[in-house]
Structures are given as C-alpha cells and as structure tokens.
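The values are calculated or read from the model by the stated rules, or taken from the named source; none is laboratory data. Treat the numbers as computed from the prediction; the structure is a model and nothing was measured. Here Cβ is always computed from backbone atoms with ideal geometry, including for glycine, and neighbour counts include all displayed protein chains. For the accessible areas, the whole protein counts, side chains as well, though only heavy atoms, and no ligand, DNA or RNA atoms are used. Shrake-Rupley method; radii C 1.70, N 1.55, O 1.52, S 1.80 Å.
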Amino acid sequence: MKRPPQKPSKSLKAGSPPEENCFDFVSQDAGKTQSWLVELLRRDLVLEPLRSHGFEARLTGRCLASANLVQAEYPFGMRLRRDRAHDNLTIRMVSAGGTLYSVGRETLAAAPGQGLILNTALADSGEYAEGSVHSTFTLHSEDVIRTLQSAFERPVTKRLDFSVGFDGRSGTGATLATIMAAIEAGFQGDAPLADAPHAARRLRDALIMLVLESVPHAHSSWFERQAAAPAPWQIRRAIEFIDAHTAGPLTVQDVAEAVGIGLRSLQEGFRRHKQMSPHDYIKLARLAGARATLLDPTSTLSIECVARHWGFVNRGHFALEYREAFGEQPSQTRSRR
C-alpha cells in the first residue's frame, strides 16, 4: 500500500497528539472518515457519530512494515462496529478521553494513561468518548503468526485471541507505550523511519514479541518452557525447506534428501528438537497455509481448491484435520475474513 504523504511537523513529546495542521485527514463526515480508515487498515469498519450534535475526526496514518499506526482525535466522540471480522493485533494507547470495546459479555475499557491489546475479530462494537485522543498500532494476524513461527520454528495452529487492558505507566505497559512513542517520533520531522525499513521492522517485531511474551494466548506455553538447545543446522535447514515447499508435492523422504541426512536421523532430530515428527510438521505447515488462504480477503478459491492447493486430496479428511487443529470448520474461518 502506498505510504501517505509526509507533512512537516514540530517534534512531539511522547504520547502527545500531533498538532492540527499535521493531520493527514480531517473531516466532519463519518462516512468519509470510515472510507479513509477502511482504505488504510484494509478491514471493514462502520463508524457512527456518538452524539447528534456533531462529528469530527482528525487522523494521521503511517505504514510501518505491513503494520499501521494511526493517531486520532475525536472531539465529539464516535461509535464503531465491525462488518466482517478480521483477525488483527491492535495495541491502543489512550492520551485523553477514553475508549471501550464490547467483547462478548465483557467490556474492555481504557482511560488516559492506559491502553488495551485486542484481537479486533473478538470485538462486536466500540466507543470513543468525547475528546478522545489515542494512538493505535494495528497488525494483521498473519504477520504476528509468522513472527511466532519464526521464533520457535513451529507451525502456529491456534488462533491468537488477545483481550486485555494495561497500565501505560508501569511494567510491560510502559515499555509498550515507549516503543509506540518511538515509532511516532520516527515519523515526525524528517520522518527517519519512512526511509529505514529494517529499523521499522525491528520496532514492529519488538512490539509483537513483547505482547506475545506478556499476554496470555493459545501458545503461551512455548515461552514458559526452558530454552532448549538450538536445533542442529540440518533440522533448521529441513524446516526452511518444508516451509518453502508446503504448497507442492512433498514427502519426508524428499526433505531428508534435500538436507542430505538419513530418514531416521531426520525423524529423530524432529522428535528431539521439535517434539513432533517431520510428517506432522509438514501437515501442520500445510494447515497453517490453508488457514491463511481462507482468511485472505483477496482469495477467490473455493474451500475444495484451497484444500487441494495445500496438498489435501480428500476434502472430508481436510475438514477433520482442520477442525482438530483450529477448533472450527474451514467454512467458519472463511466467514470471518
């Protein structure tokens, strides 16, 4: 996506909103504001005025290595609800006013100096109080999953459901707020982060890993285990080979020959260092690929075609294994994209 044009601005203190003449978008029309956010975030939102006496949005959007940082002011407040659910990691830090989300039967709220971490697919609706000022970091779940898989060299097969508030002045919350403030500062003035993609990715990944290590989720147990000895280079190379060939015909023997080790050594290496067989790793990697395709809003493939593309010939067996891995049917995953 094309990066919004940079505008000259004065330097900011951490957590402070940009001045009005620095905003990319200012509007008193909820419909136009909705269109601007949908185009930036690539997710479906429905915005409504909080009060009948007025609406105004002042927004600045920045792209950060496939993530988005939005600085927002809503002088008259605002309501929003989702259209289609999208799995996103959202980190929000509130500077003024307040924000709340309806998550099932619970309400997740943040006041000034507080923040929240949320998979937006869980939220049915949200509300920003009058005078709300906040910064929001949004990242598609596929990038979060790739980061987790890369760190542990294992396929992620469970949905990452985040729904928690934090205090932005102490502990992990203060670190999250500091990283977000550093990202904001990186787009001020000469916008150094706009021309430093590697640094931008490091900041993005720092936020992701801090959330993954600090907030309970389906794979938290991976972080609780004592650090194991690094896998031998043959096993790491085998994983790289599998990840690059999951969409085509692939057997465990193919992997062993590509790496240059015996079949028994490959199986023993996976059992010792990955706590699974290479066959199970291939199956989970294929299932993870199928899930990513089903969640891709641009994909027009039928569920049967998705299954075949990722090496599952029998749709019935695919559905059973998919449900066992993700706790839902492929059709349920597709309906949430």
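Things worth noting here:
- Asp124 meets all of the listed conditions (1) open to solvent by 20 Å² or more (accessible area, probe 1.4 Å); (2) assigned to a strand (DSSP E or B); (3) in contact with a helix residue (DSSP H, G or I) (Cβ under 9 Å, 6 or more places away or on another chain) but one, namely (3).
- Hey, Phe137 at pLDDT 90 or above, buried (at least 21 other Cβ atoms within 10 Å of the Cβ) and within 25 Å of Pro197 (Cβ to Cβ) or not: yes
- Condition check for Pro216: loosely packed, with under 15 Cβ neighbours inside 10 Å, more than 23 Å from Phe318 (Cβ to Cβ) and at pLDDT below 90: yes
- None of Glu321, Glu268, Glu240 is farther than 18 Å from Gln149 by Cα and free of Cβ contacts under 8 Å to residues at least 12 places away in the same chain except Glu268.
- Look at the stretch 86-98: where a residue is over 23 Å from Ser214 (Cα atoms) and a partner is open to solvent by 10 Å² or more (accessible area, probe 1.4 Å), sitting 6+ places away or on another chain with Cβ atoms under 6 Å, you get Ala96/Pro112; Ala96/Gly131; Ala96/Val133; Gly97/Ala129; Gly97/Gly131; Gly98/Ala111; Gly98/Ala129.
- Exclusive hit being open to solvent by 50 Å² or more (accessible area, probe 1.4 Å) and touching a Lys or Arg at 6+ places or on another chain (Cβ under 8 Å), set Gln329, Gln253: Gln329
- Among residues of the stretch 233-263, those that are of a type in the set (Lys, Arg) and modelled with pLDDT of 90 or more, counted: 0
- Index of the failed condition, Asp167 passing every other in (1) open to solvent by less than 50 Å² (accessible area, probe 1.4 Å); (2) modelled with pLDDT of 90 or more: (1)
- Checked against (1) at pLDDT 90 or above; (2) crowded, with 19+ Cβ neighbours inside 10 Å, Gly269 passes all but a single condition, namely (1).
- Scanning the stretch 321-337 for residues that are of a type in the set (Lys, Arg) and either in a loop (DSSP other than H, G, I, E, B) or more than 15 Å from Leu284 (Cα to Cα) (or both) yields Arg334, Arg336, Arg337.
- Meets criteria (of a type in the set (A, V, I, L, M, F, W, C), in contact with an Asp or Glu (Cβ under 8 Å, 6 or more places away or on another chain) and either assigned to a strand (DSSP E or B) or surrounded by 19 or more Cβ atoms within 10 Å (Cβ to Cβ) (or both)) for Leu100: yes
- Within the stretch 58-84, the residues that satisfy the criterion of being aliphatic (A, V, I, L, M) and open to solvent by 10 Å² or more (accessible area, probe 1.4 Å) are Ala65, Val70, Leu80.
Every residue, every condition in (1) more than 14 Å from the chain's Cα centre (by Cα); (2) not in a loop (DSSP other than H, G, I, E, B), yes or no:
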site	(1), (2)
Arg58	yes, yes
Glu73	yes, yes
Phe76	yes, no
Leu89	no, yes
Met93	yes, yes
Leu108	yes, yes
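- The residue that is most open to solvent (accessible area, probe 1.4 Å), among those in the stretch 286-320 that are assigned to a loop (DSSP other than H, G, I, E, B) and more than 20 Å from Ser335 (Cα to Cα), is Val313.
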